[in-house]
Amino acid sequence: MLKTVNRVLLGLVGLGLFALGGGVLLGGLDLQRRWDFGMPGWWPFRGPDDVVLGTEGRTRWREEGWWWPTVITVLAVLLALLLWWLLAQRRHRLGGIRVDSEDGAAARLDGRTLEDVIEEEAQALDGVSRAHVRLTGRRTAPTARVRLLLEPHADPERTLGQLSRETLAHARDSAGLDRLPSKVRLREARHRSQRVA
C-alpha cells in the first residue's frame with residue numbers, strides 16, 4: 001500500500017513539475033511566438049521578459065507584519081515534511097523475502113518474523129544486552145541492519161564474530177539466500193557506578 005501511495009504521489013508531483021517547467025521553458029524561449037501557438041489566458045509566463053513573481057506580487061503584502069513570518073513558517077513546515085517523507089522512504093522496512101522453494105514456486109517469508117528470530121538469537125549471545133534488527137533492501141536481496149547493546153564485560157570482536165558466523169549465517173541459510181549483507185553497530189551499555197561504604 002505504501003509503495004502504491006508513494007508512486008502515485010511521486011507521479012503527480014513529477015507531472016506537475018514537468019508541466020510547470022515546460023510552461024516556463026516555452027515562455028522563456030519565446031516558443032509560442034516562434035511556433036505560432038497560444039497559451040491559456042491565466043498562464044503567467046508568456047515571453048522571455050516575464051518573471052515568476054512580478055513586482056506587484058512581491059510587494060503586495062510587504063507592509064503587513066504577519067506576512068513574512070507566515071511565509072517563512074509555511075516554507076519551514078513544508079521543508080520539514082518533505083525531509084521526513086524522504087527519510088521515511090530511506091528507512092523502509094522490508095515486508096517480506098522471496099524464498100526459492102526449489103520446486104519451481106516462490107514462497108514469501110515474512111520480514112518481521114525473520115527480524116524477530118535474528119534478534120532473539122543475537123540476544124542469546126554472551127555479552128549482548130539487547131539487539132535490534134531491521135531488514136531493508138529488495139525482496140530478493142535483503143540487507144540486515146543490526147544494533148547490539150553490549151554488556152560491560154563483552155568482547156566486541158568475539159561478539160561480532162559469533163553474530164556473523166552463527167546468527168546471520170543461520171538467517172541466511174534458513175531463508176535460502178546466497179548472501180545477507182549486514183551493517184552492525186555495537187554500543188556499550190552504560191552502568192551506574194556503585195558506592196562502596
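For region 3-22, the criterion of being more than 18 Å from Trp85 (Cβ to Cβ), surrounded by 10 or more Cβ atoms within 10 Å (Cβ to Cβ) and touching a Pro at 6+ places or on another chain (Cβ under 8 Å) is satisfied by no residue at all.
Residues in region 138-172 that are out of contact with any Gly (no Cβ under 7 Å at 6 or more places or on another chain) and charged (D, E, K, R): Arg138, Arg145, Arg147, Glu157, Arg158, Arg165, Glu166, Arg172.
Taken over region 149-173, the criterion of being within 30 Å of Asp100 (Cβ to Cβ) and either in contact with a Lys or Arg (Cβ under 8 Å, 6 or more places away or on another chain) or in contact (Cβ under 8 Å) with a residue 60 or more places away in the chain (or both) is satisfied by Arg172 alone.
Within region 148-158, is even one residue assigned to a strand (DSSP E or B) and closer than 22 Å to Thr4 by Cβ? Within region 148-158, not a single residue is assigned to a strand (DSSP E or B) and closer than 22 Å to Thr4 by Cβ.
Taking into account only those residues within region 176-197 that are in contact with a Pro (Cβ under 8 Å, 6 or more places away or on another chain) and under 30 Å from Arg108 (Cβ atoms), which is modelled with the highest pLDDT? Looking at residues that are in contact with a Pro (Cβ under 8 Å, 6 or more places away or on another chain) and under 30 Å from Arg108 (Cβ atoms), I get Leu180.
For region 102-130: of the residues being within 22 Å of the chain's Cα centre (by Cα) and open to solvent by less than 50 Å² (accessible area, probe 1.4 Å), which is nearest to Pro156 (Cα to Cα)?
Result: Glu115.
The values are calculated or read from the model by the stated rules, or taken from the named source; none is laboratory data. Predicted, not measured: the structure shown is a model, and the values here were computed from it. Heads up, the Cβs are rebuilt from the backbone with ideal geometry, glycines too, and the neighbour counts pull from every protein chain shown. All accessible areas refer to the heavy atoms of the entire protein, side chains included, with ligands and DNA or RNA removed. Shrake-Rupley method; radii C 1.70, N 1.55, O 1.52, S 1.80 Å.
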